[in-house]
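The values are calculated or read from the model by the stated rules, or taken from the named source; none is laboratory data. Just so it is clear, the model here is predicted, and its values are computed rather than measured. Because the Cβ atoms are built from the backbone with ideal geometry, glycine has one as well, and the counts that use them run over all protein chains shown. Each accessible area value is taken on the protein alone, full model and side chains, heavy atoms only, with ligands, DNA and RNA left out. Shrake-Rupley method; radii C 1.70, N 1.55, O 1.52, S 1.80 Å.
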Amino acid sequence: MSGFLIYRAITIFYNGQGLEMMKYIFTVMVGISLVFGLAAGNISEVSNAALSECSQAVELMLKLIGPMAFWGGMMRVADKAGITDFIAKLFRAPLKFLFKGIDANGKAFKAVTMNITANLLGLGNAATPLGIQAVKELSEEESAGGVATDNIIMLVVLNTASIQLIPTTVAAMRLAHGSSSPLDVMPAILISSAASVAAGIASVKCFAAGRNVLSRSKRTITDESH
Amino acid sequence: MKVIELAVLLIITAILAVGLIKGVDVFGQFTEGAYETLKTGVSILPALIALMTCVGMISASGAADALAELLAPVTEFLGFPSECVPLAVMRPISGSGATAVYEEILSENSPDSFIGRVASVLIGSTETTFYTIAVYFGAAKIKKTRNTLVSSLTADFTGFVFSVLAVRLVFGQ
């Protein structure tokens, strides 16, 4: 299974913490720029970039941190006012369609709705622990024992597709670069997000349906042989 | 898009009004939430410094152009701007890395140009796939992942293709 091998390579690199892989990316990127700089005769440009780009990172963070902190503050108010719970309730029905065969009043489904709501509102910090909790609860409720069930796969795919309603970081960066209307890309982002999420959901459902058909035909064959 | 700007204002007002009615200390909670986000911002700054330096060096060396040229037959077929190829490569791997590449694209192209808009839609409509899978399954001790990676990458690839289509559709560019 090439997909499994690629996944193993990724988990070995990331080591569950998400930082292991970066040491290779860091070194390889610097190495590539040295080799290409030598080959193309851009060495002075490359070394200038090494010395000057770091201050641009600080400038970028200065431009971003205001809008990010503003939305972080607003979302905490929304959370405390019960708006997150309200939105989570609105998404119960569509999420019931996506997550089949789990208790709609159970801990797992609650963690799933809270994780998806945090993603929709762009609460990245809150979404990750809720998502991990949701995967653990799903695994327990379906007694998966280390196997990703269709519901677990669905949750992870929804988390790897972006479903944020207001793209605050993108808007802040566009504004910093002098966009006349930083939020005018929002409808296009929603279209593209919707297409991406729909493709992810369709793929998960197709794999699940395919496995169902396979296991059913296997059962029929063994039934007939008896 | 006046409607969107109005919507953002309405959302802010509604959050504060509902909070006040529900008896939330809206100012205190706001500063608390803003402080939490500031801490996050400071904690990702070192990674951003490392990766923006790398991305700056890569693009100064001409390696990014070479990669774009290598993938030109595929990207031309999809109508995908070659300037956004490094962003699509970086996006599933690292969030800070993708931010660094996006910043590079915006400094070389106007955010209101076709390239600037496609980059904005691409980064806004996809996620750090490999990282998310590794963190979720690592923490929950899931070993057998079945079609997770294939389905996630299907979603990402659709997002890449649709970022171009959506910009063409919305802006007629």
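Worth a mention:
- Accessible area of region A:56-225 belonging to carbon and sulfur atoms, whole % at 1.4 Å probe: 63
- Overall form of the protein assembly as shown per C-alpha gyration tensor (a/c, 1.5; a/b vs b/c): oblate
- Placing +1 on the Cβ of every Lys and Arg and -1 on the Cβ of every Asp and Glu, with no other charges, gives the protein assembly as shown a dipole of roughly 1360 debye about its Cα centre.
- Relative contact order of region A:73-204, pairs being alpha-carbon contacts under 8 Å that are 6 or more residues apart, as %: 21
- Shielding by partners for peptide B:42-55, expressed as the average number of C-beta atoms from other protein chains within 10 Å of each residue's C-beta, is 6.
- When region A:25-161 is described by a simple charge dipole with +1 on each Lys and Arg Cβ and -1 on each Asp and Glu Cβ, the residue from A:Val46, A:Ala144, A:Ile87 located farthest towards its positive end is A:Ile87.
- Cα gyration tensor category, rounded, prolate or oblate, for chain A with a/c compared to 1.5: oblate
- Pairwise FRET efficiency - A:Phe91 versus B:Val3, Cβ, R0 = 41 Å, nearest 0.05: 0.95
- Cβ charges +1 (Lys, Arg) and -1 (Asp, Glu), total dipole of region B:26-173, debye: 760
- When chains B and A come together, the accessible area they lose, probed at 1.4 Å and totalled over both chains, is close to 8400 Å².
- Comparing Cα centroids, region A:103-150 and region A:57-101 end up 16 angstrom apart.
- Whole-Å distance, taken between Cα centres, linking region B:55-93 and region B:131-155: 26
- Furthest towards positive pole of dipole, A:Asn212, A:Gly131, A:Val58, structure part the protein assembly as shown, Cβ charges: A:Asn212
- Dimensions in Å of region B:44-171 - Rg and Dmax from alpha carbons: 15.3, 45
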